[in-house]
């Protein structure tokens, strides 16, 4: 499988997409969480500052009620001396700083528009009561280097104060002044910063953990099944239709794997069918080629036979007249000679060879005439039996064992009895000549399988010397013979007779293992 660049891989794209979403969600959640925590922390600090202010107010209450300014100032200085308090100030109703931990500020007038007074004087009519813990404010120093928390609480005109003989404020005046406690915020900034840092670290760790889990899950649940599918597709493309995918889940990828396996099974089945069809087609092509070759050979043979027939007829007629004269005069001459005469044997040889030549000429005439068969329905087994009766007492058949395997219920065939008997006799004589020392001759008759056509088949199998393979194609050619004294016309005549009957004559033979001659005669409609 071709290796895919990491930045183009599905793992990277899938993990990067989910990681980006996870980062955005985590960052947003962290930001909102930090803001919420910051607000909550400010509120908690404000509440603490308010409670501190109330404590300071209560601590100075008695000294202010009895108007002991020294004790009040001493309490303010004592409280402001704490490291976590910047300064403490008390304002009267007119906006003057009555008490302060910073001595330079005592007696200063800040006005109603100042931060401390604006809490009550935001509107034209002053407020009769402060809102309480929500008042604390975040300030910065003049140089902007530090943040401060200001908690302002009202000093109310209590009944104990307004009813006292020494008090100068009437009961109708609700607020006598305000207490302003300023606290350095850097103590809280450090805590807020630490909390924020912890939250950021936790968010980063969460993001890394999510990325790792996404990568592992993506590889296990998505990428691995898809890689298996890609490898399987390439294997199938290479022709390995037996390849299957492991089904690891019941989701869409599992369904895809099952569909892929079903597809490979169908492809394998179609491929096997195709291979069988190709083999069948090859066999049919080979069979058709053999049939065409046989037809071509038959046509060549027919043309050859016709040409040789015409030639043989002319030669036979030209030779027959001289041979007749030679035979007549040589016979007369032999009759005039005594048996003991020295020339008697020579003249007898002339007579015998002339007779032999006349027989050859007669065969040539028979070959050239190619008489049309006079057909009639006959039992082929009876013709085989008659042919054996004619030959079985001859000397060449004395050492030959004849085995007949003739099917009794064979249908009759339309044939010329004399011509077919001539063919059978010729084949039987050739079989006997092939077994001079004796042997077995098996004769079978049967119906051909329907796939081969409607034929009655006769096999003549001998255990003789056999025929060399290179001679088989020429076996039915005129004047071709493997016998020393053969004319080469016997099988040619047989071939012509069977062809005129619409049948086939075939031979199978191996040198040293005998031969099988097969005659196929067609059945009628």
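List every residue pair whose Cβ atoms lie under 6 Å apart, where the two residues are 6 or more positions apart in sequence or sit on different chains, the first residue falls within the range 269-282 and is on the phi < 0 side of the Ramachandran plot, and the second residue, located anywhere, is exposed (fewer than 10 other Cβ atoms within 10 Å of the Cβ).
Within 6 Å, no pair qualifies.
Taking the conditions exactly as written (in a loop (DSSP other than H, G, I, E, B) and either at pLDDT 75 or above or at positive phi (or both)), does residue 232 satisfy them or not?
For residue 232, the condition - in a loop (DSSP other than H, G, I, E, B) and either at pLDDT 75 or above or at positive phi (or both) - is not met.
I'd like to check something: does the range 396-413 contain any residue that is in the same structural domain as residue 524 (by TED's automatic domain parsing), under 23 Å from residue 492 (Cα atoms) and in a loop (DSSP other than H, G, I, E, B)? Show your work before the answer.
Our first condition is that a residue be in the same structural domain as residue 524 (by TED's automatic domain parsing); within the range 396-413, this holds for 396-413.
This time we only want the ones that are under 23 Å from residue 492 (Cα atoms), so: 396, 413.
If we keep only those that are in a loop (DSSP other than H, G, I, E, B) as well, we get none.
No, because not a single residue in the range 396-413 is in the same structural domain as residue 524 (by TED's automatic domain parsing), under 23 Å from residue 492 (Cα atoms) and in a loop (DSSP other than H, G, I, E, B).
Select from the range 244-267 the residues that are farther than 11 Å from residue 229 by Cβ, assigned to a loop (DSSP other than H, G, I, E, B) and modelled with pLDDT under 75 and list them in ascending order.
Of everything in the range 244-267, those that are farther than 11 Å from residue 229 by Cβ, assigned to a loop (DSSP other than H, G, I, E, B) and modelled with pLDDT under 75 turn out to be 247, 248, 249, 250, 251.
Go over the candidates 378, 382 one by one and state the one that is in contact with a helix residue (DSSP H, G or I) (Cβ under 6 Å, 6 or more places away or on another chain), surrounded by 12 or more Cβ atoms within 10 Å (Cβ to Cβ), at pLDDT 80 or above and in the same structural domain as residue 441 (by TED's automatic domain parsing).
Details: 382 fails: in contact with a helix residue (DSSP H, G or I) (Cβ under 6 Å, 6 or more places away or on another chain).
One residue alone meets the criteria, 378.
Regarding residue 340, is this residue out of contact with any helix residue (DSSP H, G or I) (no Cβ under 8 Å at 6 or more places or on another chain), part of a helix (DSSP H, G or I) and modelled with pLDDT of 80 or more? Break it down into steps so the answer makes sense when it comes.
Details: out of contact with any helix residue (DSSP H, G or I) (no Cβ under 8 Å at 6 or more places or on another chain): yes; part of a helix (DSSP H, G or I): no; modelled with pLDDT of 80 or more: yes.
So residue 340 does not fit the description; no.
Return yes or no: is residue 427 farther than 28 Å from residue 511 by Cβ, assigned by TED's automatic domain parsing to the domain that holds residue 513 and assigned to a helix (DSSP H, G or I)?
In short, no.
Does residue 238 satisfy the criteria of being more than 22 Å from the chain's Cα centre (by Cα), without any contact (Cβ under 8 Å) to a residue 60 or more places away in the chain and over 26 Å from residue 17 (Cα atoms)?
Against the criterion (more than 22 Å from the chain's Cα centre (by Cα), without any contact (Cβ under 8 Å) to a residue 60 or more places away in the chain and over 26 Å from residue 17 (Cα atoms)), residue 238 does not qualify.
For the structure I just gave you, tell me whether residue 224 is touching a helix residue (DSSP H, G or I) at 6+ places or on another chain (Cβ under 8 Å), surrounded by 13 or more Cβ atoms within 10 Å (Cβ to Cβ), assigned to a helix (DSSP H, G or I) and at pLDDT below 80.
When the stated conditions are applied, residue 224 does not pass them.
The values are calculated or read from the model by the stated rules, or taken from the named source; none is laboratory data. Here the structure is a predicted model, which is why all the values come from computation and not from measurement. Ideal geometry is used to build each Cβ from the backbone, glycine not excepted, and the neighbour counts take in all protein chains shown.
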